[in-house]
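Please treat every number below as a calculation from the coordinates, not as lab data. Worth saying up front: this structure is predicted, and the values here are computed from it rather than measured. Cβ coordinates were reconstructed from backbone atoms using ideal geometry, including for glycine residues, and neighbour counts include every protein chain displayed.
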Amino acid sequence: MPEPVAAQRMVDAELILLAHMIGDGSCVRRQPVRYASIDEQNLRAVTAAAAHFGVTAVRDVYEAARVTTLRLPAPFRLTHGKRNRIGAWLDGLGLFGKRSYEKFVPAAVFA
């Protein structure tokens with residue numbers, strides 16, 4: 001039987017962003033990676049966690065909906081072979097392109 005693969009621990013910024021993206025994030029294909037909340041502390045936490053990936057969150061306030069959306073764009077132009085770092089990371093965890101009812105907590109969280 002082969003030896004188990006050494007687990008890599010997620011850093012706090014990754015755990016924070018992952019939790020928020022599972023709960024209130026959107027990462028569907030051909031759309032920008034987004035997060036929505038009315039809670040200022042949550043918005044600050046996601047903004048700080050996104051910086052770990054080199055991403056600067058862009059705020060969009062929707063007064064009628066009473067919500068703030070953070071767009072989490074790639075810090076470079078996307079083209080063939082270049083992906084949004086957060087999107088690529090979520091894809092590696094099996095979460096990119098998932099609708100809310102399809103999301104799950106990946107095994108890497110428990111490693």
Among [x] 15.8; [y] 13.6; [z] 14.8, the entry derived from the coordinates for Kirkwood radius over Cα pairs in Å: [z]
For the modelled label position 7 Å from the Cα of A13 along Cα-to-Cβ, which residues of region 84-101 have backbone nitrogen atoms closer than 19 Å? 84-93
Please compute the modelled spin-label separation between V105 and H80, points set 7 Å along Cα→Cβ, answer in nm with one decimal. 4.2
